[in-house]
Each structure stands twice: as C-alpha cells, then as structure tokens.
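Student: Before anything else, here's the structure in question.
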Amino acid sequence: MTAGVDVGHPQAQSIQSDQDVVRVRQLIRTVAVAVKLSLVDQTKVVTAASELARNTLVYGGGGSVEVTVVENVRRKGVQIVFVDSGPGIPDLDLALTDGYTTGGGLGLGLSGARRLVDEFQIETSAESGTRITVTKWSR
C-alpha cells in the first residue's frame, strides 16, 4: 500500500480487535494521502472511519472494511464500505439523530460520521447486519 494506490482496486481489512481499528485508520490515512485529500479532509475521513470501525467491532461483533479509490470526471476520492453480520440497528432514525450515542466510541455517533464525509449510505437489518458506505472526495 503506497502512494501508487490503484483506482477501483479495493483493499480489505478485517475488524476483529482494537488493533484492527488502528489498522483501519492507518489504511484510510494512506489512501487519503494517495488521492491527495487536503489535511483537513484526511482528518475528517479518518475520524469518520475510526468511529465506524469501532461501531463495527462493538455493535456488529466485528466485520470487515473495504477501501477503494474511486474517480469521477473531476476528481478522485476514497470510498469505504463497513460490513458486519451483527443484529442490525434497531432504530435507525434514532441512531442517526444528532447527539445520539450509546457511549464507548468517539462520541460522534453515526450522525457525526455522516457529517464528516461527502456521501453516506446505510443498510441495516436484523437478518443481514449492517453495511455502511461512505465516500470522501478531493476538492
């Protein structure tokens, strides 16, 4: 994993421990630098990813993340997909409410993570767990 990160070739990381959460942050930072995100945007996407990785571990019972460099006509970005097979989020509207937290994370909650990225999508159910896709674009 270097500055020569390829567009469209995802990098995967398991999330089964606190050390994996640290590895996720490092992976996101490396990819964010490679796509030339500003320092502020690097910090935003790493912070959001850290919160989501922690949620994957704590509430989803572990899972995985896939990080992909994406590109559109004007710019590159970082797309991050978090997946777990946990119990899902029982009240998604409540979980996405500003200030809502169950404690233990950075205190951002899902709404805070959503504000730090450009695109945010969540799918959750008791049967299949939770899948959160976020994207941060270069400016």
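Student: Any idea which residue in region 84-133 is nearest to Ala32 (Cα to Cα), counting only those that are acidic (Asp, Glu) and modelled with pLDDT of 90 or more? Steps first, answer last, please.
Tutor: Step one: list which residues in region 84-133 are acidic (Asp, Glu), which gives 84, 91, 93, 98, 118-119, 123, 127.
So of that shortlist, the ones also modelled with pLDDT of 90 or more come out as 84, 118-119, 123, 127.
Values: Asp84: 23, Asp118: 14, Glu119: 15, Glu123: 24, Glu127: 33 Å.
That would be Asp118.
Student: Working only within region 22-56, note down all residues that are more than 18 Å from Arg114 (Cα to Cα), within 13 Å of the chain's Cα centre (by Cα) and surrounded by 19 or more Cβ atoms within 10 Å (Cβ to Cβ).
Tutor: Answer for region 22-56, where residues must be more than 18 Å from Arg114 (Cα to Cα), within 13 Å of the chain's Cα centre (by Cα) and surrounded by 19 or more Cβ atoms within 10 Å (Cβ to Cβ): Leu27, Val31.
Student: Every residue in region 118-135 that is surrounded by 13 or more Cβ atoms within 10 Å (Cβ to Cβ) and either closer than 21 Å to Leu57 by Cβ or among the small types (Gly, Ala, Ser) (or both), please. Spell out how you get there, then give the answer.
Tutor: Of all residues in region 118-135, those surrounded by 13 or more Cβ atoms within 10 Å (Cβ to Cβ) come to 118-120, 122-124, 128-135.
Answer for region 118-135, where residues must be surrounded by 13 or more Cβ atoms within 10 Å (Cβ to Cβ) and either closer than 21 Å to Leu57 by Cβ or among the small types (Gly, Ala, Ser) (or both): Phe120, Ile122, Glu123, Thr124, Ser128, Gly129, Thr130, Arg131, Ile132, Thr133, Val134.
Student: Here's something else I'd like to know. For region 96-116, indicate whether the set of residues that are over 29 Å from Asp6 (Cβ atoms), of a type in the set (S, T, N, Q) and within 13 Å of the chain's Cα centre (by Cα) is non-empty.
Tutor: yes
Student: Do we find that Val40 is at pLDDT 95 or above, out of contact with any Ser or Thr (no Cβ under 6 Å at 6 or more places or on another chain) and under 28 Å from Gly86 (Cα atoms) in this structure?
Tutor: On the way: at pLDDT 95 or above: yes; out of contact with any Ser or Thr (no Cβ under 6 Å at 6 or more places or on another chain): yes; under 28 Å from Gly86 (Cα atoms): no.
Spelling it out, it is not the case that Val40 is at pLDDT 95 or above, out of contact with any Ser or Thr (no Cβ under 6 Å at 6 or more places or on another chain) and under 28 Å from Gly86 (Cα atoms).
Student: Could I ask something else about it? Please go through (1) in contact with a helix residue (DSSP H, G or I) (Cβ under 8 Å, 6 or more places away or on another chain); (2) within 26 Å of Ser138 (Cα to Cα); (3) surrounded by fewer than 19 Cβ atoms within 10 Å (Cβ to Cβ) for Val69 and return the number of the only condition it doesn't satisfy.
Tutor: (3)
The values are calculated or read from the model by the stated rules, or taken from the named source; none is laboratory data. Predicted model only: the values in this text are computed from it and were never measured. Neighbour counts are summed over all protein chains in view; Cβ atoms, including those assigned to glycine, are modelled from backbone coordinates with ideal geometry.
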